[in-house]
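What follows is one structure encoded as structure tokens, with my remarks underneath.
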Ligand code: SF4
Ligand code: SF4
């Protein structure tokens, strides 16, 4: 294990101000009743007591991301001829997310294979995503309790999972015990004082206590293959999906807040002879998402859209990517759904239906 460091809470703003000389620093900040990740204001103390409403996904995968800008210029020598100039945006600056959650750090694992060409020779790599991912360090703040909506333990996670984190920070009394987990993380914390043995033990005790607040996985030990098969077995069961989606308003909040949803749309926003090409988040819960140029739309019914969302996360994605769910169990889709659609209940109902058939 790397050397544990200790950062008194009173020194957090000063430490982050120091990092801001070399990095763009995002940290959780309160905005009304929400807690969101924002570029941190100098001298400010991040919000460390309330669970962030959103994940830090947008730091690496911005909501509306300029891919390039373009300008047309008329060629005076040839009537109707216009030259096109494309300008790439600047490369992202080194960035630190302070106070990400463990589940959110694991959420990026759903993106990585997809945007890195699925590990398949010849498939395109998404340089926009990869540059930001490589340039971003995650300082994860271990959760001290689970919320009723948390189920990271279904997906291989835990409140203080180290997976995907560069530094694991644990709140202990009046400070943070900092554990560097990668060279990027070591670079961030190397200037801090070493933690005492008591502080290290208190951090471990906090992790164990947090783990104990998680609701047990129903029917443990969890069998990801059985879940994937059970969800897939409901593929042609229209009655099942109509019942599960009955209250859905198709608002898309579940996908926009989800740390593992990575769908996007591309639009050109022009103004006269110049403009920008944008990549913006999209949602498979919207009826227009699958509208084809022919006018055909294979998913006009919300039942089909919910089937796709749950099927993708718990069956299709794991079948393509080594069995890993495209869900980190953060519970945001449950907490923020205006209609109380609970993805855990849908998976459990699919499992129950599979058991009835056996
Ligand atoms: S948040 Fe709830 S109501 Fe909105 S699209 Fe998702 S499941 Fe439907
Ligand atoms: S599907 Fe829901 S619980 Fe799973 S990662 Fe997305 S928002 Fe979190």
Of the numbered conditions (1) in contact with a helix residue (DSSP H, G or I) (Cβ under 7 Å, 6 or more places away or on another chain); (2) within 16 Å of ligand 2 (Cβ to nearest atom); (3) not in a loop (DSSP other than H, G, I, E, B), residue 55 fails exactly one; give the number of that condition. (3)
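Within the stretch 265-285, track down each residue that is within 16 Å of ligand 2 (Cβ to nearest atom), in contact with a strand residue (DSSP E or B) (Cβ under 8 Å, 6 or more places away or on another chain) and in contact (Cβ under 8 Å) with a residue 24 or more places away in the chain. Outline the logic, then answer.
Step one: list which residues in the stretch 265-285 are within 16 Å of ligand 2 (Cβ to nearest atom), which gives 281-285.
From what's left, in contact with a strand residue (DSSP E or B) (Cβ under 8 Å, 6 or more places away or on another chain): 281-282.
Scanning the stretch 265-285 gives a single hit, 281.
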In the stretch 27-46, which residues are part of a strand (DSSP E or B) and over 12 Å from residue 12 (Cα atoms)? 28, 29, 30, 31, 34, 35, 36, 37, 38, 39
Specify which of the listed residues (117, 99, 80, 122) is farther than 21 Å from residue 178 by Cα and surrounded by 13 or more Cβ atoms within 10 Å (Cβ to Cβ). 117
Of residues in the stretch 319-329 being touching a residue at least 12 places away in the same chain (Cβ under 8 Å) and away from ligand 2 (no atom under 13 Å from the Cβ), the one surrounded by the most Cβ atoms within 10 Å (Cβ to Cβ): 321
Examine the stretch 193-213 for a residue that is in contact (Cβ under 8 Å) with a residue 24 or more places away in the chain, closer than 21 Å to residue 51 by Cα, in contact with a helix residue (DSSP H, G or I) (Cβ under 8 Å, 6 or more places away or on another chain) and not in a helix (DSSP H, G or I), and state whether such a residue exists. no
Might you check whether a residue that is within 16 Å of ligand 2 (Cβ to nearest atom), surrounded by fewer than 23 Cβ atoms within 10 Å (Cβ to Cβ) and at pLDDT 95 or above occurs anywhere in the stretch 209-216? yes
Contact list please: Cβ distance under 8 Å, first residue in the stretch 243-255 and closer than 13 Å to residue 281 by Cα and free of Cβ contacts under 8 Å to residues at least 40 places away in the same chain, second residue away from ligand 2 (no atom under 15 Å from the Cβ) and assigned to a loop (DSSP other than H, G, I, E, B), pairs at least six apart or on different chains. 252/286
Just to verify a result, which residue in the stretch 230-284, among those that are on the phi > 0 side of the Ramachandran plot and within 16 Å of ligand 1 (Cβ to nearest atom), is surrounded by the fewest Cβ atoms within 10 Å (Cβ to Cβ)? 250
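The values are calculated or read from the model by the stated rules, or taken from the named source; none is laboratory data. Here the structure is a predicted model, which means the values were calculated and not measured. When we count neighbours, we look across all protein chains shown, and the Cβ atoms used for this are built from the backbone with ideal geometry, even at glycine.
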